[in-house]
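Undergrad: Sharing a structure below in structure tokens format, with a few things to ask.
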Amino acid sequence: MYRWDFSPVIANGDLLLAGLANTLALTGVALAGGIPVGLALALARLSGSRFLSAPAGVVIEVFRTTPPLVQLFWFYFGLPIVLKVEMTPYLAAALTFTIQSGAFFAEIFRAGIVSVDRGQREAARAIGMTEAQAMRRIVLPQAVKRMFPAMMERSIELMKTTTLVATVSYADLLYQANELAQKTFRPLEVFTAAALMYLVTISLVSAIAALVERRMAVSGEMAR
């Protein structure tokens, strides 16, 4: 019978908490960069200009259809060779997940924008709004409410995908768990604790997202 012993995990809990903090920081940076990148790509894709829509389409397809681990390795190992720049694990991870998130968010934004009746944009133009004003004041506020569930689901997927950064020695939660498992010879306890930390964190984020979504639905009903 295997005897569970979490005392080494508790004694080194600060390492796992530091890893969780790094995971959350990387996820936050990728979201902060990925959302505006996604919006820019979506608007470029929807524009009537081939010079904007074609490159945006290539970026979206490349980063949506290639494995994130390959993208991470390319940024970490390939980019320094191509551009002769120094690349840290954090910078490679931040670039990878920012652009990858932007590609996925672009499709979410595009679907949300297209779902808004085009007549509303035309009505806004008829009363003197520019295309940019109509997009900012009329289309995007409605689209965001429809996109919110998909965006939150993608954000949660991003947090789980960041576990790949352990392969380039970025000290996220999985990396710290692996180091601690080797140090304490208690892999079952360590990875169980890490899994529980992911479970609690993602469940909390999901609960907050559900609360925000309900409030948005209520405010939408009141506005009607």
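The values are calculated or read from the model by the stated rules, or taken from the named source; none is laboratory data. What you see is a predicted model; the values in this text were computed from it and never measured. When we count neighbours, we look across all protein chains shown, and the Cβ atoms used for this are built from the backbone with ideal geometry, even at glycine. Calculation scope for accessible area: heavy atoms of the full protein, side chains included, ligands and nucleic acids excluded. Shrake-Rupley method; radii C 1.70, N 1.55, O 1.52, S 1.80 Å.
Undergrad: So Met87 ticks every box in (1) surrounded by 14 or more Cβ atoms within 10 Å (Cβ to Cβ); (2) assigned to a helix (DSSP H, G or I) but one. Which box is left unticked?
TA: All conditions are met except number (2).
Undergrad: Now, a different point. Taking Ser169 as the residue in question, decide whether it is touching a Ser or Thr at 6+ places or on another chain (Cβ under 8 Å), at pLDDT below 95 and of a type in the set (Gly, Ala, Ser).
TA: The answer is no for Ser169.
Undergrad: Of the numbered conditions (1) farther than 24 Å from Pro67 by Cα; (2) open to solvent by 50 Å² or more (accessible area, probe 1.4 Å); (3) at pLDDT 95 or above, Val212 fails exactly one; give the number of that condition.
TA: (3)
Undergrad: Which members of region 190-200 meet the condition of being open to solvent by less than 20 Å² (accessible area, probe 1.4 Å) and of a type in the set (Val, Ile, Thr)?
TA: Val190
Undergrad: Let me ask something else. Taking region 170-189 as the search range and keeping residues that are open to solvent by less than 70 Å² (accessible area, probe 1.4 Å) and among the polar types (S, T, N, Q), which one is farthest from Ala93 (Cα to Cα)?
TA: Thr184
Undergrad: To continue, here is another question. Which pairs turn up if I take residues in region 66-91 that are farther than 10 Å from Val168 by Cβ and look for partners that are part of a loop (DSSP other than H, G, I, E, B) with beta carbon separation below 6 Å, at least 6 apart in sequence or on another chain?
TA: From residues that are farther than 10 Å from Val168 by Cβ, the pairs are Leu79/Met87; Pro80/Met87.
Undergrad: Inspect all residues belonging to region 6-15 and state whether any of them is within 21 Å of Leu199 (Cα to Cα), in contact (Cβ under 8 Å) with a residue 40 or more places away in the chain, assigned to a helix (DSSP H, G or I) and open to solvent by 50 Å² or more (accessible area, probe 1.4 Å).
TA: The answer is yes, given that some residue of region 6-15 is within 21 Å of Leu199 (Cα to Cα), in contact (Cβ under 8 Å) with a residue 40 or more places away in the chain, assigned to a helix (DSSP H, G or I) and open to solvent by 50 Å² or more (accessible area, probe 1.4 Å).
Undergrad: Report yes if Met87 is within 24 Å of the chain's Cα centre (by Cα) and modelled with pLDDT under 95, otherwise no. Walk me through it before giving the result.
TA: On the way: within 24 Å of the chain's Cα centre (by Cα): yes; modelled with pLDDT under 95: yes.
Yes: the conditions hold for Met87.
Undergrad: Under the condition of being of a type in the set (A, V, I, L, M, F, W, C) and loosely packed, with under 14 Cβ neighbours inside 10 Å, which residue from region 63-84 is modelled with the lowest pLDDT?
TA: Leu83
Undergrad: Regarding region 139-156, can at least one residue be identified that is under 13 Å from the mean Cα position of the chain (by Cα), of a type outside the set (Phe, Trp, Tyr), open to solvent by 60 Å² or more (accessible area, probe 1.4 Å) and on the phi < 0 side of the Ramachandran plot?
TA: So far as region 139-156 goes, yes, one or more of its residues are under 13 Å from the mean Cα position of the chain (by Cα), of a type outside the set (Phe, Trp, Tyr), open to solvent by 60 Å² or more (accessible area, probe 1.4 Å) and on the phi < 0 side of the Ramachandran plot.
Undergrad: Continuing with the same structure: From (1) surrounded by fewer than 18 Cβ atoms within 10 Å (Cβ to Cβ); (2) at pLDDT 90 or above, pick out the condition that doesn't hold for Ala126.
TA: Result: Ala126 passes all but (2).
Undergrad: Just name the residue that is nearest to Glu131 (Cα to Cα) out of those in region 105-118 that are under 18 Å from the mean Cα position of the chain (by Cα) and surrounded by fewer than 21 Cβ atoms within 10 Å (Cβ to Cβ). Steps first, please.
TA: Here is the first cut: in region 105-118, the ones under 18 Å from the mean Cα position of the chain (by Cα) are 105-112.
When the remaining residues are screened for being surrounded by fewer than 21 Cβ atoms within 10 Å (Cβ to Cβ), the result is 107, 111.
Details: Glu107: 20, Ala111: 18 Å.
Of everything passing the filter in region 105-118, Ala111 is nearest to Glu131 (Cα to Cα).
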